[in-house]
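Report on one structure; see the data block that follows.
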Amino acid sequence: MRIRTLEEELGIDLFERTGQGMRPTDAGAIMVDRARRALNELERARAEVQPTPGAVTGIVTVGLLESTSDLLAEPLVTAVARDHPGVELRLLLACSGRLQQWLDDGDLDLTLLYNLDSTPSLNARPLVREHLWAVAPASAGLRTDRPVPLTEAAGHPLVMPASGHALRSLIDAAAVRAGVAMDVVVQTDSLRVQKQLVQAGHGWTVLPGAGIAEDVMRGTLSVAPLRVPDVWRSIVLGTPRYGRTPPAVEVVARELVRQINSAVRKGRWPSVQIQRTDTATAGT
């Protein structure tokens with residue numbers, strides 16, 4: 001009855017009713033999406049207005065690039081749980097383009113992105129600049145102290161990110177500059193699948209240092225810095241440009257930056273340079 005009342009108010013059907021049941025119309029799907037976001041905002045508001053005295057509380061949804069998740073997810077969760085137990089973290093992993101869309105849609109409070117400047121809808125704080133690496137099976141014998149030209153990497157079958165992926169766009173642009181044709185045998189939007197296929201001998205690939213740090217330590221893959229041309233990506237912290245930044249989002253943003261700096265200082269993030277800024281928090 002409530003659904004029918006809402007349909008009458010809106011003057012449009014929200015569900016198709018058949019003998020097999022009900023399914024949302026296009027308009028119904030839009031209403032469901034908007035209602036879900038409204039309920040999420042209500043939940044966040046309750047967490048903020050019922051705080052423990054002197055404590056930061058709230059729900060913070062963080063976007064992490066898949067390539068950085070092994071380095072950052074667990075340390076970030078551990079630090080926030082220890083220092084700010086009133087903050088509930090929600091982590092979403094995806095490629096940069098998808099994370100930016102979720103941030104624009106209001107589904108994320110802050111996110112890591114790469115090769116992006118500030119836009120009318122978001123602030124982009126530079127964090128690090130990292131080199132891309134040629135990645136091959138362990139039997140290939142690549143070494144971290146012996147750079148590999150892109151022409152050599154392209155001489156092998158390649159397991160690559162899918163077309164349209166921001167990392168793939170970087171690699172394709174480098175290949176054009178070098179006048180190199182690439183033999184792409186498999187495309188996937190999963191970093192883990194890329195590495196699994198390379199490890200199984202289906203070809204080489206090109207990945208950022210964050211995505212291969214654990215594999216380098218375990219010796220499951222062989223890697224070498226990619227040269228001629230050098231290929232870099234810049235990682236930024238993206239936050240909404242407009243609206244109030246809750247204290248919980250500010251403390252999580254600071255902690256995420258601390259964990260990134262710690263990973264670099266301790267040598268767990270190979271071939272990366274910290275990009276210094278005067279910005280202390282994500283909201284400035």
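The values are calculated or read from the model by the stated rules, or taken from the named source; none is laboratory data. Every value quoted in this text rests on a predicted model; they were computed, and no experiment measured them. All Cβ positions, even for glycine, are placed from backbone atoms using ideal geometry, and neighbour counts span all protein chains on display.
Tabulated data
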{"item": "Residues of the range 207-241 satisfying the condition of being under 14 Å from Arg129 (Cβ atoms) and in a loop (DSSP other than H, G, I, E, B)", "result": "Asp230, Val231"}
{"item": "The range 87-96: number of residues that are in contact (Cβ under 8 Å) with a residue 40 or more places away in the chain and either exposed (fewer than 14 other Cβ atoms within 10 Å of the Cβ) or part of a loop (DSSP other than H, G, I, E, B) (or both)", "result": "1"}
{"item": "Which listed residue, of Glu130, Glu74, is under 25 Å from Lys266 (Cα atoms), out of contact with any Asp or Glu (no Cβ under 7 Å at 6 or more places or on another chain) and crowded, with 19+ Cβ neighbours inside 10 Å", "result": "Glu130"}
{"item": "In the range 228-241, residue farthest from Leu167 (Cα to Cα) [restricted to those that are of a type in the set (D, E, K, R) and surrounded by fewer than 17 Cβ atoms within 10 Å (Cβ to Cβ)]", "result": "Arg241"}
{"item": "Leading residue by the ranking (nearest to the chain's Cα centre (by Cα)) among those in the range 156-170 that are modelled with pLDDT under 95 and under 20 Å from His202 (Cα atoms)", "result": "Leu167"}
{"item": "Subset of the range 66-91 (residues that are modelled with pLDDT of 95 or more and among the aliphatic types (A, V, I, L, M))", "result": "Leu72, Ala73, Leu76, Val77, Ala79, Val80, Ala81, Leu89, Leu91"}
{"item": "Condition check for Thr245: in the same structural domain as Asn123 (by TED's automatic domain parsing), surrounded by fewer than 20 Cβ atoms within 10 Å (Cβ to Cβ), in contact with a Gly (Cβ under 8 Å, 6 or more places away or on another chain) and among the β-branched types (Val, Ile, Thr)", "result": "yes"}
{"item": "Selection count where residues are farther than 23 Å from Ala174 by Cα and of a type outside the set (Asp, Glu), scope the range 198-220", "result": "8"}
